[in-house]
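Structure first, commentary second.
The values are calculated or read from the model by the stated rules, or taken from the named source; none is laboratory data. These numbers come from a predicted model, not from an experiment. Every residue, glycine among them, receives a Cβ derived from its backbone with ideal geometry; neighbour counts consider all protein chains shown. Please note that ligands, DNA and RNA were not included when accessible areas were found on the heavy atoms of the full protein model with its side chains. Shrake-Rupley method; radii C 1.70, N 1.55, O 1.52, S 1.80 Å.
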Amino acid sequence: MKKLQLSIFALVIAFTFSCKNNEAAKDETKSETETNEVKTEKISLTPLEGSPAYADSKLMLDGEAMLQVNPGENTFNFAVENYELGIQTPNAGDNGLANSAKGQHIHVIMDNKPYSAHYTTEVKKDIPEGDHVMLAFLSRSYHESVKNADAVVVKKITAGNPADSLKMNVDLSAPHLFYSRPKGTYKGEDVNKVLLDFYLVNTEISEDGNKVLATINGEEFTITEWQPYVMEGLPLGENTIELQLVDENNQPIDGPFNYVKRTVMLEK
C-alpha cells in the first residue's frame, strides 16, 4: 500500500511538472508570435519606382536672381515647358499614394516651410517683410517632385526694406535640403502608403559621400540615393519625420534648411 501511495505521488509530481512545462512552452510560443507581430508592424522605407521621368521638363520664373517685392501678396509668373499642369500623372492611382484630383502642379516652398500647391503658372504668395528663399519645382499629381536641374527654381527674395533682424545670410551655391512630403492629414486608404520626398540643391548623396538621415517616429534610416520613397507601417495618429543632410562622416552640414522636423496625422 505504501508503494502504491508513493507511485501515485510520483505521478502527481510528474503531471504537475508536465503542465508547467506545457504552460511555459505556450508562453514561449506566444512570446515568439507577439515578437513576429511587432516585426511585421515595423516601419519600412522603400524606393518608389515607375514614375514618368519628365527628364526634359522645364520650370522658369520671370525676374532677377535677387527679387525685391512688397510685403503682402505678390504674384509670381512661371513658365513651363514639356510638362502639363492640371492633368493626372499617367500612373496616378497605381502606386497607392495620396493623389491630387486637380492634377500635376508646382510646389512652392518658402524658407523650407510646408509647401503650397499651384495648378497654373500664376502663383500668388503672401510674403512677410524680410529676406526669404523660394524653392519651386514641378510636381506629379501624387506630389512626387520632378528631379531634374531644369525643373526647379531657387531664388532669394527680399520683401520691403527689412531691419537687420529680418535679413537672411544664405549662400544659394551651398548644399541645401528642402522637405516636401509627407504633409498634413492622411485618411482612408492613403494611410497605407505615404510618400517621403525631399529636394536637394547643390549636392549629391551616396554611400561614401553626403547622405540624408531620415528619422521616422524615432527609427533612423540612412538615405544614399536621391529618389522618392514609400513609408509603410506608420501607425494611426501623429507621426514624426525628421530629415537631416550630413556629410560622409554623418556630421551635420551647415545650412538654414538642412535639418527639418515635421508631424503628420494618419486617420481612419
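For the range 136-145, the Karplus equation 6.51 cos²θ - 1.76 cosθ + 1.60, evaluated at θ = phi - 60°, returns couplings of 10, 8, 6, 10, 5, 5, 9, 6, 7, 5 Hz by residue, with Gly and Pro reported as x. Label separation (Asn192 vs Asn250): 3.5 nm, computed from points 7 Å beyond Cα along the C-beta direction.
Our coupling estimate for the range 174-184, obtained by passing each phi through the Karplus curve with A = 6.51, B = -1.76, C = 1.60 and θ = phi - 60°, is 7, x, 9, 10, 10, 8, 10, 10, x, 8, x Hz, Gly and Pro reported as x.
Label-to-label distance for Leu213 and Asp56 is 4.2 nm, based on points extended 7 Å past Cα in the beta-carbon direction. Largest accessible area first, the residues Met265, Met110, Met66 order themselves as Met66, Met265, Met110 under a 1.4 Å probe with ligands, DNA and RNA left out.
Cross-link candidates for Lys183: which aspartates and glutamates have Cα within less than 18 Å, leaving aside residues fewer than 8 places away along the same chain? Lys183 reaches Asp111, Glu144, Asp197, Glu232, Glu238, Glu242, Glu267.
Tell me, what is the FRET efficiency for Glu49 and Ser206 to the nearest 0.05, using R0 = 22 angstrom and their Cβ-Cβ distance as r?
On the way: r = 19 Å, r/R0 = 0.87.
Using R0 = 22 Å, I get an efficiency of 0.70.
Counting each pair of different Cα atoms once, what's the Kirkwood radius of the range 44-140 in Å, rounded to one decimal? Don't skip to the end; give the middle numbers.
On the way: mean 1/r = 0.0664 Å⁻¹.
Radius from the Kirkwood sum: 15.0 Å.
Proximity of backbone amide H atoms, modeled 1.01 Å from N, is registered between Ile87 and Gln104 at under 5 Å, excluding neighbours fewer than 5 places apart on the same chain.
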